[in-house]
1. Say we look at the stretch 68-81 and pick out the residues that are at pLDDT 95 or above and open to solvent by 20 Å² or more (accessible area, probe 1.4 Å); which of these is farthest from the chain's Cα centre (by Cα)?
2. Against the conditions (1) in contact (Cβ under 8 Å) with a residue 40 or more places away in the chain; (2) away from the ligand (no atom under 13 Å from the Cβ); (3) buried (at least 18 other Cβ atoms within 10 Å of the Cβ), where does Gly149 fall short? Just the number, please.
3. If I filter the stretch 257-265 for residues that are touching a Lys or Arg at 6+ places or on another chain (Cβ under 6 Å) and in contact (Cβ under 8 Å) with a residue 12 or more places away in the chain, do I get at least one hit?
4. Looking at the stretch 152-188, which of the residues that are more than 16 Å from the ligand (Cβ to nearest atom) and among the aliphatic types (A, V, I, L, M) is surrounded by the most Cβ atoms within 10 Å (Cβ to Cβ)?
5. Out of Ile284, Ile300, which single residue is open to solvent by less than 30 Å² (accessible area, probe 1.4 Å), within 16 Å of the ligand (Cβ to nearest atom) and among the β-branched types (Val, Ile, Thr)?
6. Does the stretch 55-67 contain at least one residue that is within 16 Å of the ligand (Cβ to nearest atom), open to solvent by 70 Å² or more (accessible area, probe 1.4 Å) and either under 21 Å from Trp141 (Cβ atoms) or part of a helix (DSSP H, G or I) (or both)?
7. Run Thr133 past the list (1) under 29 Å from Ile338 (Cα atoms); (2) touching a Gly at 6+ places or on another chain (Cβ under 7 Å) and report the number of the one that doesn't hold.
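The values are calculated or read from the model by the stated rules, or taken from the named source; none is laboratory data. Note that this is a predicted model, so its numbers are computed, not measured. For neighbour counting, all protein chains shown are included, and Cβ atoms are generated from backbone atoms with ideal geometry for every residue, glycine included. All accessible areas refer to the heavy atoms of the entire protein, side chains included, with ligands and DNA or RNA removed. Shrake-Rupley method; radii C 1.70, N 1.55, O 1.52, S 1.80 Å.
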Amino acid sequence: MAYDFDFFVIGAGSGGVRAARFAAGFGARVAIAESRYLGGTCVNVGCVPKKLLAYSAHFEEEFHQANGFGWSHGETDFDWKKLIANKDREILRLNNIYQKLLDDSGATLFEGHARLVDAHTVDLDGRRYTAETILIATGGWPVIPDVPGREHAISSNEAFYLPELPKRMLVIGGGYIAVEFASIFNGLGCKTSLLYRGDLFLRGFDGSLRQHLRDEMLKKGLDLQFNTDIARIDKQADGSLLATLRDGRTLETDCVFYATGRRPMLDDLGLENTAVELNEKGFIKVNEEYRTNEPSILAIGDVIGRVQLTPVAIAEGMAVARRLFRPEEYRPVDYSQIPTAVFSLPNIGTVGMTEEDARMTHDVRIYEARFRPMKLSLTDSQERTLMKLVVDAETHRVLGCHMIGPEAGEIVQGLAVALKAGATKQHFDETIGIHPTAAEEFVTMRTPVRT
Ligand code: NDP
């Protein structure tokens, strides 16, 4: 049977666009459908605008720090509307770049909602197209738990478009988004509380990082409340919100922001017309080659819930395009040692095993450096940087690198290459430092703090 397209991608986010562009570049007849915004979550309501807001939040402390270096300045003022307008302009620029990349690749872009009609057919707002292979790359969507008054709360989707900067902010959750946005709003001047249901946020991250970040966030004036959760939210006569906690306490705030995880975006996708199955967590079930239970339908990115990170979705998109249309260049995605950053204030950068995980399978040596970065030496900031190496005591291989401090993500990205290459502690020791930098601490740690 002759299909309209070789490859039909649903969702023009990071993963979908990469798959579509590569497939078209390999000579396939490609279509890609998008119902919301080009670039998906990352470009529009995720990584990119979040990082712009985080830069903005950093300036507040940098103005103070500049004083120690001789600079005086007048009253500082912050204009949320201006930040959001400038951010929107930048996002529009990126949307246009995505459009151009797709156009240049030769893929056909359809703006509209795509719905599966059968294993090879997509309905696009009434028009039908067939394809030999269909790729679902529809991403994820924030989840707000079912508490009474949840309609008064926002998620990250709305946080980027708040008409005003709230005076008080209550962030719920303990993952990436919660700690990043609590830091951002605190930095921008909101009186911010973060509520997390467990003992300490960032479950799964290295314990030293979690504790260090908690201490630094407290120093910056954040109200952190652990082992607590919201029971209900009520709107008060003056427009403010009253959050009643499970233990009966109440907190008054202007905005309740839920950052409690993301679900796969499967709304009205027509999966029931296919043999596609979901896994026990509700994400699309795929095999090692991203094939669903319906052989002609594949899925990648947040919708499969494997690792919800943009660069991972991009790698999966490339792998799919290569395997289908340039199999001689196919390489499976390597999910080991994925570096990641949390753009909290201060930033986290991390790659490899946590101390806790490493101890389960290895004898370890732990190296740590804790210091006040040189940039703060002429200021009254008491912020401290943490750098940590988790080393296999037997092979001396570096199993994990963890950092909290300025530009942690920038520093750890380079170290991730070393870990991928199998670097040992000796390689780190034999590497000459760049002086004076914070990063050189990673190659000058000589004595384990514990084994
Ligand atoms: P996460 O899955 O990282 O964290 C969700 C948090 O919400 C956890 O602390 C979880 O607690 C808590 N939680 C879950 N359900 C409830 C509930 N019903 N009531 C109270 N608390 C709850 O999700 P995020 O929303 O922070 O981010 C989604 C994903 O997006 C991340 O996993 C990450 O992969 C990606 N991301 C990456 C970023 C980056 O690379 N810098 C930035 C932002 C997002 P518990 O720990 O107890 O389960």
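1. Gly70
2. (3)
3. No, that holds for no residue.
4. Leu188
5. Going through Ile284, Ile300 in turn, just one is open to solvent by less than 30 Å² (accessible area, probe 1.4 Å), within 16 Å of the ligand (Cβ to nearest atom) and among the β-branched types (Val, Ile, Thr): Ile300.
6. Yes, because at least one residue in the stretch 55-67 is within 16 Å of the ligand (Cβ to nearest atom), open to solvent by 70 Å² or more (accessible area, probe 1.4 Å) and either under 21 Å from Trp141 (Cβ atoms) or part of a helix (DSSP H, G or I) (or both).
7. In the conditions (1) under 29 Å from Ile338 (Cα atoms); (2) touching a Gly at 6+ places or on another chain (Cβ under 7 Å), Thr133 misses (2) alone.
Residues checked against (1) within 13 Å of the ligand (Cβ to nearest atom); (2) open to solvent by 50 Å² or more (accessible area, probe 1.4 Å); (3) modelled with pLDDT under 95; (4) not β-branched (Val, Ile, Thr):
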{"position": "Gln211", "(1), (2), (3), (4)": "no, yes, no, yes"}
{"position": "Arg214", "(1), (2), (3), (4)": "no, yes, no, yes"}
{"position": "Lys219", "(1), (2), (3), (4)": "no, yes, no, yes"}
{"position": "Leu245", "(1), (2), (3), (4)": "yes, no, no, yes"}
{"position": "Thr253", "(1), (2), (3), (4)": "no, no, no, no"}
